[in-house]
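**Student:** Pasting a structure below so you can have a look.
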């Protein structure tokens, strides 16, 4: 496809300069049907305000080659026609209107072909029948250029390309010009609109079926795949004039049905030139659509909440009802995989310049990525695990990231989620409740739900009732990721055991130049190739894991091992060698990561207050006295895992010695200086 011209496609349509007048004399009139009017011609180029599929079916049989430019994006129904009529009063037909209209029209065209025009589907695939959509505001031009054995003819007037207009069911004016001069003159008009139109590629309306007739596309069209979006991604730059004030009377916003989507798209954040024009190019379009898709959700009842479904038995993944990925047919471009692997690697390693426990932050973010990529499989495995008596939190569906402010928690979760399906979905912490979250979780499917900057009060009120919903048997609901502010300093043990917990004890330095540059680059460029390659390998492994559970095999299949090994293999293939931090992680390793903060806190307390520590092997416990500080004792006990805490009374906390040695794998010795030596290890 040739690179589209760069031009001002949304300039004000008010005529400027002289009008073009065609001088003609009436030489004759005749009465004939549309078939004889078009007889003897094999090629048709048309500009029409509206059309009917039924008429196109008959028309296509008469022509070897048809190309139709639709002058209005709102057609195929009386309602759309009325909206287009009203939109003539609107001064600001913007790029967001264009996206909404083209998406609506393209989807409607596929549906109408499926109902009334299946005979045209092969013609669409053969490209002997082509459709285009104007970018500018709707046009009422009706122009038909005919060529073939009978020479050349131009038909114009008031008639749209429909059965109503050409079968004499309503009053129309038909004007025919004969000969090459008229044909060439009106071809200039056709070319003018042709250059300002976008092709509807066959795959947007027709699906090829091996060894079978083609089928109409029934799934939705992604905003990134609308005709104009594809043209922009091919290299076009569109300049949209600043909106002008509208007059009184009818406005497009008052009555357009397409405004439901158009109103949402009006928040597209597109860059501006110095002269105030909006500039649309491939990069800005992708970034703006991503930002729109990541718009926070307020209520589970919102109309347009995206949904992804990972169907592990069939190996198909759908997004908003459209087939996004198939295990048998999808291949991932190695260059795209390498790019995403390099971006993720540089992003994780950028945390190495943070202050505090930078290495711990890198380890936690890697473990979080391993969990998040595998999380859509957790409901599918839980569905079998719960009846089999396997604890559901073996396959966690919730995660919490807490710790220092400026630790990069929000940014990392958004980038990681975006690398899965191309966008992230978030709910604002101010409207976060357990009930809202459960409703959104079901509607989003496999798309992660991010809840950012949850306060201590919100956390204490809603998180326990949220994560204790352990017995659901649905096979597809969203993983939920909660990031907290600095007020949340510890996660209660009965909550942490049900979640993927990551304590980030590091913060970004004041000089953000290195980390900031990496963050901006990955936010702008990250794709979905790494996750698609991951799914290609993980779906068969998850099927096998589910089969092992259903067959009641001993133990439990470890999702952490499968996920981390798969990601590590992909890094090795994409980069030549896996990063040192991209290590294999088991559920038991995650258990250690989950309780890492407690282990570090315990070691620090013991090293700094050895004279208040008693190790009693007869009772198999460690007794810690907090010197009369009951608040400190209570805060410490709150973060002690249930299997370790034996009890607390006032300022005394008793820990299970055997649990610390065997489960936490911390060696305990008596004797002065031991804890200081342990801390230095």
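**Student:** What is the residue count in segment 310-331 for residues that are at pLDDT 90 or above and either farther than 19 Å from residue 531 by Cα or buried (at least 21 other Cβ atoms within 10 Å of the Cβ) (or both)?
**Tutor:** Here the count works out to 3.
**Student:** Let me ask you something else. Looking only at segment 478-514, how many residues end up being out of contact with any strand residue (DSSP E or B) (no Cβ under 7 Å at 6 or more places or on another chain), more than 30 Å from residue 438 (Cβ to Cβ) and either at pLDDT 85 or above or surrounded by fewer than 20 Cβ atoms within 10 Å (Cβ to Cβ) (or both)?
**Tutor:** Of the residues in that region, 5 qualify.
**Student:** State all residues of segment 460-493 that are in contact (Cβ under 8 Å) with a residue 40 or more places away in the chain and in a helix (DSSP H, G or I); if no residue qualifies, say none.
**Tutor:** Across segment 460-493, the qualifying residues are 463, 466, 467, 493.
**Student:** Return the pair list, or none, for Cβ contacts closer than 7 Å from residues in segment 165-183 that are modelled with pLDDT under 90 to residues that are in a loop (DSSP other than H, G, I, E, B), at least 6 apart or on different chains.
**Tutor:** Cβ pairs passing all conditions: 165/159; 165/172; 166/159; 172/158; 172/159; 173/158; 174/159.
**Student:** If you check 238, 207, 200, which single one turns out to be at pLDDT 90 or above, surrounded by 14 or more Cβ atoms within 10 Å (Cβ to Cβ) and outside the structural domain of residue 323 (by TED's automatic domain parsing)?
**Tutor:** Step by step, each of 238, 207, 200 is checked, and only 200 is at pLDDT 90 or above, surrounded by 14 or more Cβ atoms within 10 Å (Cβ to Cβ) and outside the structural domain of residue 323 (by TED's automatic domain parsing).
**Student:** In segment 613-657, which residues are assigned to a helix (DSSP H, G or I) and surrounded by fewer than 14 Cβ atoms within 10 Å (Cβ to Cβ)?
**Tutor:** Within segment 613-657, 630, 631 meet the criteria.
**Student:** For residues in segment 431-459 being over 23 Å from the mean Cα position of the chain (by Cα) and part of a helix (DSSP H, G or I), which is nearest to residue 405 (Cα to Cα)?
**Tutor:** Looking at residues that are over 23 Å from the mean Cα position of the chain (by Cα) and part of a helix (DSSP H, G or I), I get 456.
**Student:** Within segment 64-89, restricting attention to residues that are buried (at least 21 other Cβ atoms within 10 Å of the Cβ) and in a loop (DSSP other than H, G, I, E, B), which residue is modelled with the highest pLDDT?
**Tutor:** It comes out as 71.
**Student:** Looking at 562, 577, 582, 554 in this structure, which one is assigned to a loop (DSSP other than H, G, I, E, B), within 27 Å of the chain's Cα centre (by Cα), more than 20 Å from residue 421 (Cβ to Cβ) and in the same structural domain as residue 361 (by TED's automatic domain parsing)?
**Tutor:** 582
**Student:** In contact with a helix residue (DSSP H, G or I) (Cβ under 8 Å, 6 or more places away or on another chain) and more than 22 Å from residue 560 (Cβ to Cβ), is that true of residue 490?
**Tutor:** Considered against the rule, which asks whether it is in contact with a helix residue (DSSP H, G or I) (Cβ under 8 Å, 6 or more places away or on another chain) and more than 22 Å from residue 560 (Cβ to Cβ), residue 490 comes out as yes.
**Student:** Quick one: residue 307 ticks every box in (1) in contact with a helix residue (DSSP H, G or I) (Cβ under 9 Å, 6 or more places away or on another chain); (2) buried (at least 21 other Cβ atoms within 10 Å of the Cβ) bar one, so which box is it?
**Tutor:** Answer for residue 307: the failing condition is (2).
**Student:** Okay, moving on. Quick one: residue 297 ticks every box in (1) in contact with a strand residue (DSSP E or B) (Cβ under 6 Å, 6 or more places away or on another chain); (2) at pLDDT 70 or above bar one, so which box is it?
**Tutor:** Going through the list (1) in contact with a strand residue (DSSP E or B) (Cβ under 6 Å, 6 or more places away or on another chain); (2) at pLDDT 70 or above, residue 297 breaks only (2).
**Student:** Further question on the same structure: Which is within 20 Å of residue 519 (Cα to Cα), buried (at least 24 other Cβ atoms within 10 Å of the Cβ) and assigned by TED's automatic domain parsing to the domain that holds residue 499, of 374, 407?
**Tutor:** 407
The values are calculated or read from the model by the stated rules, or taken from the named source; none is laboratory data. Fair warning: this is a prediction, and the values are worked out from it, not measured in the lab. For neighbour counting, all protein chains shown are included, and Cβ atoms are generated from backbone atoms with ideal geometry for every residue, glycine included.
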